[in-house]
Structure formats: C-alpha cells, structure tokens
Amino acid sequence: VQLQASGGGLVQAGGSLRLSCAASGRSFSRYTLGWFRQAPGKERTFVAGISWSTGSTSYADSVKGRFTISRDNAKKTVYLQMNSLKPEDTAVYYCAADSSPFVRAFVSPYNYWGQGTQVTVSS
C-alpha cells in the first residue's frame with residue numbers, strides 16, 4: 001500500500017487542522033493505520049492509531065481530548081483532526097500502515113509510510 005499525507009500548514013495556537021492520508025493499493029481496510037510525528041532533533045513518536053479489525057482507537061497522552069483519528073475505507077483515507085493546537089505540536093506528521101489487527105504505539109511494526117506533512121503552530 002502507498003500512502004500520501006496532506007493537510008499540514010501554519011496555524012496559530014488554539015487553532016485546528018485536519019490531516020488526510022490517502023492510500024492506493026488493495027486491502028486498505030485490512031490495515032491498522034497510525035499517525036506519528038517527528039520534531040527537529042527528536043525521535044519519531046506515536047500520535048494516534050485506529051484498528052482495522054475493531055475500529056478501536058488509541059492516542060498518545062499528549063493529544064488525548066484534542067486529536068481524533070478516523071478512517072473512511074470506501075475512500076481509502078485516514079484522517080487526523082487536530083484541535084486546540086499547541087506550539088509543542090509542531091512537527092512533521094507521518095501516516096503509516098500496519099497489518100496487525102491491533103494498534104501498536106511504536107514505529108517498528110509499521111511497514112508502509114507516507115512522505116510526511118509539516119504542521120507548524122505559532123504561539
């Protein structure tokens with residue numbers, strides 16, 4: 001599966017953005033999807049994930065209550081709605097796909113990655 005992330009940009013603190021990740025290829029509905037982010041000089045970290053088998057979601061503590069992940073299997077797209085953005089949310093955001101039926105909150109199981117989209121939150 002190939003992934004293409006979009007929707008990043010510059011926003012003021014307190015604002016909102018919605019990221020999209022469009023997939024090509026078959027079996028999109030059988031992939032657990034995740035969003036990760038990487039700030040300059042830091043490791044890539046888990047933000048949110050959604051299971052293909054149950055639709056259950058998981059979030060990093062730092063974004064709980066502010067971010068929402070969702071998927072539309074008919075459109076082969078996963079979304080990340082980001083509200084109440086903070087300067088510390090500034091990073092390159094990546095979408096990724098994992099064949100596991102469960103959300104795994106670390107980088108290594110994800111076999112497919114999008115190219116990343118920059119999110120910058122100004123104070």
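The values are calculated or read from the model by the stated rules, or taken from the named source; none is laboratory data. Please read these numbers as outputs of a predicted model, since none were measured by experiment. Don't worry about glycine lacking a Cβ; one is built from the backbone with ideal geometry, like all the others, and counts go over all protein chains shown. Remember, those area values only see protein heavy atoms, side chains included, never the ligands or the DNA or RNA. Shrake-Rupley method; radii C 1.70, N 1.55, O 1.52, S 1.80 Å.
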Among Asp98, Asp72, Asp61, which one shows the biggest mean-square fluctuation in a GNM of the chain, springs joining Cα atoms closer than 10 Å?
-> Asp61
Separation between the Arg26 and Gln81 pseudo-spin-labels, each 7 Å from Cα along Cα→Cβ, expressed in nm?
-> 3.3
GNM, the chain, Cα, under 10 Å: largest mean-square fluctuation among Gly41, Gly15, Gly65?
-> Gly41
First compute the accessible area of the chain with a 1.4 Å probe, then give the percent of it belonging to carbon and sulfur atoms.
-> 48
Rounded to the nearest whole Å², what accessible area per residue is found for the chain with the 1.4 Å probe?
-> 50
Accessible area of Lys64 in the full protein assembly, 1.4 Å probe (Å², nearest 10) | 120
Using θ = phi - 60° and the Karplus form 6.51 cos²θ - 1.76 cosθ + 1.60, what ³J(HN,Hα) does each residue of region 88-103 get, whole Hz, x for Gly and Pro?
-> 6, 7, 4, 4, 8, 9, 10, 9, 8, 10, 9, 6, 5, x, 10, 6
